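Down below is the structure, laid out as structure tokens.
Nothing in this text is a laboratory measurement; each read-out follows from the coordinates by a stated rule. Everything numeric here is computed off the predicted structure, so don't read it as measured data. Every residue, glycine among them, receives a Cβ derived from its backbone with ideal geometry; neighbour counts consider all protein chains shown.
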Protein chains: 2
Amino acid sequence: MGRPPAYDEDSLLSALTECLWDRGYAATPVSLLVEETGVNAASLYARYGSKKGIMLAALEAYAREAIESHRQLLAATPPGVGQIRAVLEHAMACFDDPKARGCFLVNTITSVSEDTPEFSLAVAEAMEIIRRMLREALEAAPDLLPGVKPDEAAAFVQIQIWGIKLLAKLHAAPATAESVIRQTLAALFTEEALSGAHGPD
Amino acid sequence: MGRPPAYDEDSLLSALTECLWDRGYAATPVSLLVEETGVNAASLYARYGSKKGIMLAALEAYAREAIESHRQLLAATPPGVGQIRAVLEHAMACFDDPKARGCFLVNTITSVSEDTPEFSLAVAEAMEIIRRMLREALEAAPDLLPGVKPDEAAAFVQIQIWGIKLLAKLHAAPATAESVIRQTLAALFTEEALSGAHGPD
């Protein structure tokens, strides 16, 4: 096949991530990664060590982007109901994916078997970072209902994000995910904040 | 090799389901199903048509059990907060699985690719039946907060079940799942009902 194409690290990783996200780890043979990227197996192994190494690099690249996009979302809105609403609505982007791939991190949680505990650890680490960002956002929110604890609420919000992405993957109606968002916000924020943050319906 | 063991349909299906639930569809070659069940590939294909046919039969068997266990749970408790609490606490059984397999249906949602839309349909159908049972339970609940709509609340509760099972698969602390249950019930039921239904802490 001759020399591999002159891929830079970032675009190779991005092509590998797309491929593994499309089909999942177990359903993606290395031969398919070779076919999709045009980089031969020996070069892939030289770079990443093994198929597991490729998957871990892809998970880390995806996680970095997910963390960064949450950071930007949270930075773009002042603390309070609007900030958490923005995060939950961001998860609804999964409904616009024509391939209905859902979230690569969530998909990986459920495909982890006893053979691949390192994937579970990588996902847990990324989820922990995002949960911490949510907790800090909730700690700064002036409009939480009395009794709502930011650390518990952060885990609760994160689970709604997973659920919204699973709904998209299951081809549910987007209205179902919208009702999840409404119910989540109503569970955490004062009525006053909720009515203030509503746009015109 | 010789003749396959005299498996009855139910125990063969149950062995196939365990195997596919352990590792997921893509990571389970037919050769492994043969090895685990002792039934040769020709017999499996004769019964189920294809590897996809085996998976669909396993999903349907698992779904039947999941639906039946929800039916029993709901029948065992009078309508109201206690009934929904029982359903959510039931999902926490995933934390006791030493293999941390999570839920076969939820795992399948995220491992579905464009090659296997029939799995998505099978899971969606089972989820729809369980959601309908939750909706009927919520319609009969005397202690919902004003404004809570049983159909929306049913979808909301179902997503918490998925989230609790994902937390177990991710080896989160059970206390995190318990806080999800508390927050979910507080979002749906009156304070009076919540304090009445609490056991001694």
Within-11-Å neighbourhood charge of B:ALA154 [Cβ basis; K, R +1; D, E -1]: -1
Take the alpha carbon gyration tensor of the protein assembly as shown, find the square roots of its eigenvalues, order them as a ≥ b ≥ c, and report rounded if a/c is under 1.5; if not, report prolate when a/b exceeds b/c, else oblate. oblate
Does chain B classify as rounded, prolate or oblate by the C-alpha gyration tensor (a ≥ b ≥ c root eigenvalues; a/c under 1.5 gives rounded; else a/b over b/c gives prolate, otherwise oblate)? prolate
For the range B:91-201, what's the relative contact order in percent, using C-alpha pairs closer than 8 Å and at least 6 residues apart? 34
Going through A:LYS99/A:LYS165; A:LYS169/B:LYS99; A:LYS52/B:LYS165; B:LYS51/B:LYS165; B:LYS51/B:LYS169; A:LYS169/B:LYS165 one by one, the pairs whose alpha carbons sit over 21 Å apart turn out to be A:LYS169/B:LYS99; A:LYS52/B:LYS165; B:LYS51/B:LYS165; B:LYS51/B:LYS169
Listing B:SER120, B:SER69 by rising number of other beta-carbon atoms within 10 angstrom, fewest first, gives B:SER69, B:SER120
7 Å along Cα→Cβ for the label point: how many nanometres lie between B:ASP8 and each equivalent label in the other copies, listed shortest first? 6.5
Could you check which residue among B:TYR48, B:TYR25, B:TYR62 shows the biggest mean-square fluctuation in a GNM of chain B with a 10 Å Cα cutoff? B:TYR48
Within the range B:114-137, name every residue whose backbone N is under 12 Å away from a label modeled 7 Å from Cα of B:SER50 along the Cβ vector. B:115-119
Near the amide H of B:PHE189, under 5 Å away, which other amide H atoms are found, from residues 5 or more places off or on another chain, if H is placed in the peptide plane? B:LEU145
Please compute, for peptide B:168-176, the average count of beta-carbon atoms on other protein chains lying within 10 Å of each residue's beta-carbon. 5
Tell me the distances, shortest first, between B:GLN72 and the same position across the other copies, using label points 7 Å along Cα→Cβ, in nm to one decimal. 5.0
Could you work out the relative contact order of chain B? I mean the mean sequence separation of Cα pairs under 8 Å and 6+ apart, divided by the number of residues, in percent. 22
Would you work out the charge dipole size for chain B about its Cα centre, treating the Cβ of every Lys and Arg as +1 and the Cβ of every Asp and Glu as -1, and quote it to the nearest 20 debye? 340
Sites B:ARG71 and A:GLU136 - FRET efficiency at Förster radius 45 Å, r taken between beta-carbons, to 0.05: 0.60
Theoretical ellipticity at 222 nm over the protein assembly as shown - DSSP helices of four or more residues, -39500 (n - 2.57) apiece, nearest 500: -22500 deg cm²/dmol
How far apart are the B:GLY49 label points across copies, placing each 7 Å from Cα toward Cβ, in nm, shortest first? 4.4
Over what distance in Å are the Cα centres of the range A:93-143 and the range B:108-123 separated? 20
